[in-house]
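A short worksheet on the structure shown next.
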Amino acid sequence: MGLLPKIIKTAGRLITADSVKAASNPIKTEAKALLSFTPNGKEVFKIGDTGVVQYRIKPDITMPIRPETMHMDRPFIPIDGKQLQAKNPVQLGELGNISVRLANRYKAVEESARKELSEVFNGFEVSVRTKGANSVFSKLERMIPKLNKTIKTDEDARQIIQDAIGGRIQLKDLTTKDIIETLNTIKIEGKPLTQSEKTLVQRLFNNEKLTDIELEAAKKLAKPIKIALAEKQSDPVVRKFLLSNMKYALDNNMTTLEKLEKAGIRKDILEELKANPKIKPLRMTEINNYKGKDGVAYFSDRQIREFEKMQLATGQKFDIITCSEDIDFSKYGINELPQTAQDAIKKSGYTTAQINAVLSDGSLAEIQIRGSGQFAEYEHIAYDATLEKNTLGEIFDDFKTAIQKSPKKDMPDYDKYKSDCYDYYRDLELGIKRTKPQLPEKFDKILSEENMKRLHDLNEADQAKKMETFVPHIEYENSSIDYTM
């Protein structure tokens, strides 16, 4: 029996005459640009008569695909959330096809995105990468049922993925000099700090031992000072975002300099907008200012107000997800906050500013703003393991097992530990010394921050070594099936 009759036998009534006609031209030259059909590597399986095989997308990660329909720009049959949850192999295979096609589409614009963002954020360390097929597959498999969507075309799936281009801007860490300058200029409730208050805060920030009374007084001063330090750290990149978006609005006749001035945009920023002809335009579409409950966000309330003023002056309407730094969580629970504020507070402590923007070719990019702290680089291991995503290779198996075996009643304490780690590294970025958090004894030591970093580094080295000879390929049980065509 040939491949096409097998597909028809499996799909039954769901297959239309048009889709059969579309699938009657199996993969030839078009598909070879997408996949490497080499029979190398460990043989796994082909699922019955469905045409679904395993595609080894990374050295340790496979995903289902249906090679005979890879040349299409839509699934052979509509992809339904309930069918995905039921692990329907045909639906999973077609979702794999979409994921490979979208990943290749994203990869094709990666270099132009890197060039554009480097021009917009000239002077900053900028990195760019696009979502790979396994990340696309994992997100779609999770979101299609959640959104109750039916996917009829690759474009339907792309609308769910949206921000497939990831940019990152790393901010410079602050120094003791920055702290001293801030202590000398800040006013709290309209009053400058006294010399004794400055000394007390410096002792706190140097992690020196304080009496209980001193510690209580120092902590009251520490929060507004940390916010001022965070604003000092992020202000250069906030300027870039404001300038590039206002330049876009001016170029597209969405506003005028007069409107921007009346909106109360900072005068120093407006002066640069007028005087600097090299500003590159970039259209912002969303701001996410994430932090833990007790953490310090990258964007201050004052900076968020500047973005809001710009929105009013340009007529742009986009979401700003943030939580005011004035919220007293000892009085108000997170569930009592407005939804946007709830969305900004991450129980894991995840701290970053993310701005979505449309690039000149229409691609949507998510641009992350962070300092030097690398915890977010490997904390996602715990996040992915909890969601049982397919993005973690075999090296993380023991970690995933430890997560799954941890009692659910203990997980809030694990979230608190991760949040403390984020706050620890955030303080280091601001020039503040702190004692490193310790994993509570009730958890398996493999779940510690130190071990997450160790596994991350081992995996990076392991994958780099394997990638020297790795070629993506189909793994199948019946070697008599020839997919090279």
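What follows is calculated from the coordinates using simple rules that are stated; it is not laboratory data. Predicted, not measured: the structure shown is a model, and the values here were computed from it. A quick note on method: Cβ atoms are made from the backbone with ideal geometry, for glycine too, and the neighbour counts reach across all protein chains shown.
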## Note on the structure
In Å, the Kirkwood hydrodynamic radius from C-alpha pairs for the chain sits at 25.4
### Message
Test of the criteria: in region 168-224, which trypsin sites (Lys or Arg not before Pro) are in a DSSP loop and have at most 12 other Cβ atoms within 10 angstrom of their Cβ?
### Response
209
### Query
Relative contact order of the chain: what whole-number percent is it, with Cα pairs under 8 angstrom and at least 6 residues apart?
20
### Message
Given Cβ point charges of +1 (Lys, Arg) and -1 (Asp, Glu) and nothing else, what value in debye, to the nearest 20, does the dipole of the chain about its Cα centre take?
### Response
520
### Task
Could you please state, rounded to a whole Å, how far the C-alpha centre of region 156-188 is from the C-alpha centre of region 246-280?
22
#### Entry: trypsin sites (Lys or Arg not before Pro) lying in DSSP loop within region 257-322, provided at most 13 other Cβ fall within 10 Å
278, 317
### Task
Using Cα positions and a limit of under 16 Å, work out the lysines in reach of residue 274, with same-chain residues fewer than 8 apart set aside.
240, 247, 259, 262
### Once the Cα gyration tensor of region 273-335 is diagonalised, semi-axes √(5λ) in Å
29, 13, 11
### Query
Can you pull the Rg over Rh of region 171-248, Cα-only, Kirkwood?
1.09
### Query
Considering the dipole of the chain built from charges on the beta carbon (Lys and Arg +1, Asp and Glu -1) around the Cα centre, which of 469, 378, 120 is farthest to its positive end?
120
### Message
Can you classify region 393-458 as rounded, prolate or oblate using the Cα gyration tensor, where a ≥ b ≥ c are the square roots of its eigenvalues, rounded means a/c under 1.5, and otherwise it's prolate if a/b beats b/c and oblate if not?
### Response
oblate
### Query
How large, in Å, is region 148-296 by the Kirkwood hydrodynamic radius built from its alpha-carbon pairs?
19.5
### Query
Which of the GluC sites (Glu not before Pro) found in region 143-199 are in a DSSP loop and have at most 14 neighbouring Cβ atoms, other than their own, within 10 Å?
189
### Message
Can you tell me what share of the DSSP beta bridges in the chain is antiparallel? A percent to the nearest 5 is fine.
### Response
75
### Message
Ratio of alpha-carbon Rg to the 2.2 N^0.38 Å globular estimate for region 341-472, to two decimals, please.
### Response
1.19
### Task
Would you calculate, for the chain, the mean residue ellipticity at 222 nm contributed by helices, counting each DSSP H stretch of 4 or more residues as -39,500 (n - 2.57) and dividing by all residues, to the nearest 500?
-15000 deg cm²/dmol
### Query
Which value in nm describes the separation of the simple spin-label points at residue 256 and residue 176, placed 7 Å from the Cα toward the beta carbon?
5.4
#### Entry: Charge dipole of the chain about the Cα centre (unit charges at C-beta), most positive-ward option of 227, 213, 443
227
### Summary
The simple spin-label model distance between residue 125 and residue 308, using points 7 Å out along Cα→Cβ, in nm, is 3.4
